[in-house]
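Visitor: If you scroll down you'll find the structure; I have some questions about it.
Each value in this text was obtained by applying a stated rule to the coordinates, not by laboratory testing. This one's a predicted model, so the numbers in the text were calculated from it and none came from an experiment. Heads up, the Cβs are rebuilt from the backbone with ideal geometry, glycines too, and the neighbour counts pull from every protein chain shown.
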Amino acid sequence: MKKLAAIAAVLSLSLSMLSGCGNESAASSQEATAENPMVLTLSHGLSETHTVHIAMEEFAEEVKEKTKGRIQIKIFPNGQLGSETESMEQLNAGVIAMTKVAAPNLATFEEGYNTFGLPYIFDDEEDFYQVMDSDAMEDFFLSTEDEGFVTLTYYTSGARSFYTKNTPIRTPEDLKGLKIRVQDMESQTDMMKALGGTPVAMSYGDVYTSLQTGIIDGTENNETALTTGKHGEICKYYSLDQHAMIPDVMVMSSKIWKQISKEDQEIILQAAHDSTESHKVMWEEAIDEAVEEAKTEMGVTFVEDVDKEAFRAATEGMVEEYCQRYPGVDKLLTTIRQVQEGSEE
């Protein structure tokens, strides 16, 4: 009951923001003025110190500046307006304008988003950026208006690798018999089964205690989890298999997107892309700092002699199965391969 009351209170605050300081908020960007702006609510579950939040603040500042105050974005961090699932429900209802979600979580609305949860879709960071910044990906991002949302941009969350308490992971065989925490995504559970480990889906907040008590033997994430989540206090081997690169995406409600002029849509998209470029720099710095801290202060060993080809081979069948099961995955993966091969049409 307390949780429901808190969510109701925050939603009331969100709606008051949309109505703007006692005045009726502009219903469209064409009607908006600096004195009576169109106020857009942006919800996410990260802290104010997270690189994505900082990038979103830059996004909001650029939109306000380039629209001369006609469009203003109010950011609600720390899950104040609910979980990613709850925020998407509010977004589709037009209660909030924007939110940040892990890309595969949008598969409920557009099955092609399952692609981003699959292993070894991207070869490395350079390949990831080449694909994600392509015109073909932007077309895909903006193709879901009829599904209730459009994707404005993405933010990297790095390459995900396995890390364990006392077992270096160099080949899939090293995962056999180990209980590994995965995100509550179908693709992540299927990936672990294909690799021979035992998947244990749980929330990120439960990982530290579960590692500590032996409920799980390891987990998988990017390097910052070692330090921000303190997982490096328990897990002493981080194996750089880099099996997945799962981006976060910033999405906007179609109902609200349609109330924004073409000119203002272009301003919002450009500001979103600019925030992504800024985030790339911040993310690289965050990874470097996390690795240094984990090595020098936590005693974590980074295992680089990993047989990535063995991991890729072990999961090829799973990827093929997803292409057969979900036509949207097959279509998007074909587009990604065309970009990678330089044959983007």
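Visitor: Among the DSSP beta bridges whose two residues both lie in the chain, what percent are antiparallel, rounded to the nearest 5?
Guide: 55 percent
Visitor: Assuming R0 = 41 Å, can you tell me the calculated FRET efficiency for the pair SER203 and ASN36, based on Cβ-Cβ distance, to the nearest 0.05?
Guide: 0.50
Visitor: Build a GNM of the chain with springs between Cα atoms under 10 Å: which of ALA27, ALA294, ALA102 gets the top mean-square fluctuation?
Guide: Top of the fluctuation ranking is ALA27.
Visitor: A further question follows. For the stretch 247-345, just the Cα atoms, rotate onto the principal axes and tell me the three extents in Å, largest first.
Guide: Rounded to whole Å, the extents work out to 53, 39, 27 Å.
Visitor: Between the stretch 59-82 and the stretch 132-171, how many Å separate their Cα centres?
Guide: 23 Å
Visitor: Which residue fluctuates the most in the chain, going by a Gaussian network model with Cα springs under 10 Å, if the choices are GLN72, GLN188, GLN212?
Guide: Of GLN72, GLN188, GLN212, the most mobile in the Gaussian network model is GLN212.
Visitor: Spin-label point model (7 Å from Cα, Cβ direction): what's the THR301 to GLU341 distance in nm?
Guide: Those two pseudo-labels are separated by 4.2 nm.
Visitor: Using the beta-carbon distance between THR108 and GLU321 and R0 = 22 Å, what value does 1/(1 + (r/R0)^6) give for FRET efficiency, to the nearest 0.05?
Guide: The pair THR108/GLU321 has a calculated efficiency of 0.70.
Visitor: Give LYS179/LYS331; LYS100/LYS331; LYS66/LYS230; LYS100/LYS176 a once-over and call out the pairs whose C-alpha atoms are over 30 Å from each other.
Guide: Flagged as over cut-off: LYS179/LYS331; LYS66/LYS230; LYS100/LYS176.
Visitor: Grab every C-alpha pair in the stretch 152-258, bin the distances at 5 angstrom width from 0 up to the longest one, and report whole percents.
Guide: In whole percents, the pair-distance histogram is 2, 12, 22, 24, 17, 8, 5, 4, 3, 2, 0.
Visitor: Next question, about the same structure. May I ask you to list the trypsin sites (Lys or Arg not before Pro) in the stretch 117-216 that are in a DSSP loop and have at most 15 other Cβ atoms within 10 Å of their Cβ?
Guide: Hits after loop and neighbour filter: LYS176.
Visitor: Considering only PHE162, PHE140, PHE311, give the residue with the highest GNM mean-square fluctuation for the chain, with springs between Cα atoms whenever their separation is below 10 Å.
Guide: PHE140
Visitor: So what is the orientation-averaged projected area of the chain, using the convex hull of its C-alpha atoms, in nm²?
Guide: Averaged projected area of the chain's Cα convex hull equals 17.9 nm².
Visitor: Still on this structure: Based on the alpha carbon coordinates of the stretch 49-142, what radius of gyration and maximum Cα-Cα distance (Dmax) apply, in Å?
Guide: Rg then Dmax for the stretch 49-142, in Å: 15.4, 43.
Visitor: Given N residues in the stretch 115-180, what is Rg(Cα) / (2.2 N^0.38 Å)?
Guide: 1.54
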